[in-house]
Each structure stands twice: as C-alpha cells, then as structure tokens.
Amino acid sequence: MVVTGEDSRATWTLPAPLDAPPVVTALVEGDGLLLAVLEDATPQAVTVRVWTLVPRRAPAGPGIAVHLTAAPRQ
C-alpha cells in the first residue's frame, strides 16, 4: 500500500525491477467516488494519481491509500 502526497499522486517502487513495464492494478481506499489513473509504469516503479469524481472531478488530495499490484507482461 502507498499513500497519495500533496499532488494526489502515489508512487510505488517495485521490490525488484522487471524486464519491461508491468501490468498494473490499483484499488483506492476512501469515501466517495475515487478513481486511480495510471500516470507512469516503468520496470522500477508505478505512479498513479487519485481523483475524486463527486461533486466534480478534482485531485483527491493527500493521505489516500492506494493498493497497487504489478505483474510482468505475458
């Protein structure tokens, strides 16, 4: 699990580099309608930005927990 910073982004450094950018899943914890958008996926790290969609689309802010998984491409 990683947590968003002031810019609503959460970055996870993978435990071991992969050979190529991974396939990523993200699950956001929080109240309301939240959406995690993949911004960057490298063999070393994954970055998502979390948005709130209600009452209007806006960055969700800091402190949002995001559960990320990364799998090698098949």
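May I ask you to compute the full-extension gain from A20 to L38, defined as 0.36 nm times their residue separation minus their alpha-carbon distance, rounded to one decimal in nm?
Fully extending the segment from A20 to L38 adds 4.9 nm.
Go through R9, R49 and list them by solvent-accessible area, largest first, probe radius 1.4 Å. Please report the intermediate quantities before stating the final value.
Values: R9 80, R49 45 Å².
If we order R9, R49 from most to least accessible, we get R9, R49.
In whole angstrom, note down how far apart the Cα centers of region 58-74 and region 21-44 are.
Region 58-74 and region 21-44 have Cα centres spaced 3 Å from each other.
For the chain, treating each Cα as an identical point scatterer without solvent, what Debye log10 I(q)/I(0) comes out at q = 0.15, 0.16, 0.20 1/Å?
Scattering profile of the chain, log10 relative to I(0): -0.47, -0.52, -0.76.
The values are calculated or read from the model by the stated rules, or taken from the named source; none is laboratory data. Since we're looking at a predicted model, the values are computed, not measured. Accessible surface is based on the protein model in full, side chains and every heavy atom, while ligands, DNA and RNA are left aside. Shrake-Rupley method; radii C 1.70, N 1.55, O 1.52, S 1.80 Å.
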